[in-house]
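**Q** Structure incoming, see below.
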Amino acid sequence: MAFPLVQVSWVYWRLRRFPTKRIFDAERKFIAKNTFELFFIHAPFSLYHAWILVIAVLTVYATFTPDRAVAYDAAAIETVTNDTTIANAATVYESPSIFVQILVILGLLFMECTAIGYIERFRGDIAGAAVIAWTLYGIWYEQQDAVIRWTAFVLALITTFHICKPIILKYVFKKDVDVIII
């Protein structure tokens, strides 16, 4: 897991690196010169970098959380129709421990800070930040624990507003913001 993450991060860093004032700067050749390069060279690495970051955070979470029993009775699934409910299924929900909640919140904060870094450091890398916002909304939608659920929702909203900031500054207020949509 670490090797692909390091490889993609290195390529992503090389593609997103700002040109400097030096005359003989080797990184200048990686700046997107047209829309084709932006969509077919920079965008895939931006999206893949964000997705592999999300997978890395989920892997760390899965590594440090204990296995839980399956929350349903497999025998009862076959007899369920749209009109019936599972009366005898073991659908007891156990709240995660405080350690697991803290670990998940730290992972969510790491993803949030990364999304803000995509916008602020890499001249408005909206594609990467949108992947993380999408993931945070998904965690909010699927999570049963209230602390994790609402933390993910608040961070998803912050990410969404932060994604909209460079677009609004550039196109609504006509500010000279150096933003790359992808």
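Each value in this text was obtained by applying a stated rule to the coordinates, not by laboratory testing. Computed from a predicted structure; not experimentally measured. Here the Cβ is made from the backbone with ideal geometry for all residues, glycine too, and neighbour counts use every protein chain on show.
**Q** Neighbour counts of other C-beta atoms within 10 Å: give me Leu136, Leu58 arranged from fewest to most.
**A** Ascending number of Cβ neighbours within 10 Å: Leu58, Leu136.
**Q** Return the distance in nm (one decimal) between the two label points of a simple spin-label model at Phe40 and Ile158, each offset 7 Å from Cα along Cα→Cβ.
**A** Reported label-point gap for Phe40 and Ile158 is 3.9 nm.
**Q** Same structure, new question: Extending each Cα 7 Å along its Cβ direction at Trp150 and Glu120, get the distance between those two points in nm, one decimal.
**A** 2.6 nm
**Q** Would you mind ranking Thr59, Thr159, Thr151 by Cβ crowding within 10 Å, fewest neighbours first?
**A** Thr59, Thr151, Thr159
**Q** Can you work out the Karplus-derived ³J(HN,Hα) for every residue in region 46-53? Use 6.51 cos²θ - 1.76 cosθ + 1.60 with θ = phi - 60°, whole Hz, and x for glycine or proline.
**A** 5, 5, 5, 4, 5, 5, 5, 5
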